[in-house]
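Each reported figure results from applying straightforward, stated rules to the coordinates on display, with no laboratory input. Computed from a prediction, not measured in an experiment: that's the story for all the values here. Counting neighbours? That spans all protein chains shown, and the Cβs are built from the backbone with ideal geometry, glycine included.
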Amino acid sequence: MNTFVFFDDFMINSKRGVRRRIFKPVKSGSFEKPGITAGSSVVYLPEIKKYYLFYAFLPNRSRDWDRTAHYAVSDDGINFTAAGKVPSVKKTGSYVVYRDNFTDNPNERYKCVIMKVNENDTSKGRGYVAVSTDALNWNTDTEYKVSEHASDTSNNIFYNSVLGKYQIICRGAHVDRRITTLFSEDLKNWTDPQVILSPNPFDIEYTQYYGMTVYPENGYFIGFLQLYYTDEDDTVWTKMAGKVDSALTYSYDGIIWNRAAREPMVDRPMPPDFGFTTIYFSNMNESPDGREWILTAGGGRTDHGWGFKPAYPDSELSDYVKENGNNQIMFYKIRKHGFAGMESYGLKAKLQMKRMRLDGVNLSFNLCSPTGTVRYRILNPDTRIPYEGFDYDDCSPFTGDDIAVIPQWKNKSLKDLTGKFIMIELEMHTAILFSISGDLIPAHGIQPEPMLGIPKPVE
C-alpha cells in the first residue's frame, strides 16, 4: 500500500487548471498547568482506547535537566485530565513516546529515548532507548545505549520500514543545532550520527535547527522541523536567546528531507497568547474517527533561554508570566494527509498521474468537493487511451468530502486491471485532491519500484 501526496509534482505527469495549495493546522484545544515546560509527547494506546499526554514540570529554569515527568489521559486526543507522575521516568528532558507495531516483543511495544544528564557536568550524559509494555512503566536501564552525550532536544525513535532499521532523530553533539540521525537493526549497535538537515541560505539569517520529530506514513515521512531564530549579538557563544517556529518537512526514505513550504506550519499569535515567542510542534496522532490528524505543540510566552541564570544572570520572568504562566501545551487539527492539496481552478480541470502498476484492487482518493464534481478514468500508458469501461462517462461521479473515496465504474471492477500498468486521471470541478492511496507501485521509469523511497526494481 502506497500513499501519494502533493508536496511536490514528482508523481504528476500533467495538469491543467490545478494548483498546489498548502494548508495549516487549526488550534483546537490546550492543556495548561503552572510550571510545565513546552516539551510534550502524545501517544494513542489502542489496547485501552486512550491517548496519553506526557509532560514535565521544571521547578528551576536554571536547572534545565531537573524535570519531573507527569502524564494525562484523554478519550479524544484533545481534552486531557491530569493523572499524576510517570512512575519510572525521573529527571529527563523532552522525550517522544513511540508505539512500535513492528516488534514481536510485547514488553517493548512502546519506546522512547531517555537522556541521562550528568548533573556535575551537563555537557556529558548518556542516551538510552527505554522500553515499556503500557507506556507508563518504563525500563530505563536497558542495554540499548544510543550515545555518550546528552542530545538536548526532542529526541525520537521510530521504525523505518523503507530501510528495515530503527532510526533516531537527535543532535550529533551537545548544543549542535542541526538535525542528525542514527540507525540500528537491533537497538544495541547504532551508527555514528549523520547530518540530514542543516541551515541553508534560504533560511532567515542566524537560524539554527533546534530539533525535528518524525512520523512515518505509507510511502513517505512527515517531519516537524523547529526553526530557532537566534540573536546575532548574543553574549553566549552557543546562542541561547531567540524565538522558535515550526516548519513542515517530508521525506521518502527518512534520510533525504525537503521543506514542504516556505512559511511556518502555523503563524505565531500576537502577545500575550501562548506561542507568540516559541512554538515547538512535536507529535501527531490520528483522531478517534481516523479522519484527522491531531498535532501537539508547546507554546511559550518568553524567548528561549530567558530566565536561564547560568547564561543570563540578569534575566527575570515578567510579572505577567509569573502570574499567568509561561508555557501551554496546544493541540491542532488538520485533515489526514491534508497539509497539501491540488485545487482545481475554472471548469473541468485535469490532473494526470504518472505511470504506476496496479498490484491489487485497493484504490482511494482523499477528496474535498462538497459543492463540485470529480470524475476519474484509467488510461493505458502505452496508448494514452482509457481502458475499456474505465473512461469518465463510465464512472460514478463524486460530490462530497471524504478521505477515502473508492472510485466506481458502471460495468467494470479494478480486478480487471490488476497487474497492469495504468495512469490515473481526474477531472475536477470545485475540488481539492489531497492524496491517492492504494495497491500502487511507482513505475515512472522502465522498471517499477516498491515505493518512492526504495529506488530498486521489483519483478
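Here is how the numbers come out for the structure above:
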read-out: Difference of contour (0.36 nm per residue) and Cα-Cα distance, ASP8 to GLU205; value: 68.3 nm
read-out: Loop trypsin sites (Lys or Arg not before Pro), the range 314-353 (other Cβ atoms within 10 Å of the site Cβ: 13 or fewer; DSSP); value: LYS348
read-out: ASP186/SER364 FRET efficiency (R0 22 Å; Cβ-Cβ; nearest 0.05); value: 0.05
read-out: Chain lengthening between LEU317 and THR399 when straightened (0.36 nm per residue, less Cα-Cα); value: 24.2 nm
read-out: Local electrostatic count at GLY300 - Lys and Arg +1, Asp and Glu -1, tallied over other residues with Cβ under 11 Å; value: +1
read-out: Cα-based reach from LYS410 at 23 Å (exclusive), listing lysines while leaving out same-chain residues under 8 positions away; value: LYS348, LYS350, LYS420
read-out: Coil-residue GluC sites (Glu not before Pro) of the range 165-221, DSSP, other Cβ within 10 Å capped at 13; value: GLU185, GLU205
read-out: Listed pairs LYS336/LYS456; LYS27/LYS243; LYS33/LYS322; LYS188/LYS239 exceeding 22 Å between Cα atoms; value: LYS336/LYS456; LYS188/LYS239
read-out: Prolate/oblate/rounded call for the range 24-335, Cα gyration tensor, a/c under 1.5 rounded; value: rounded
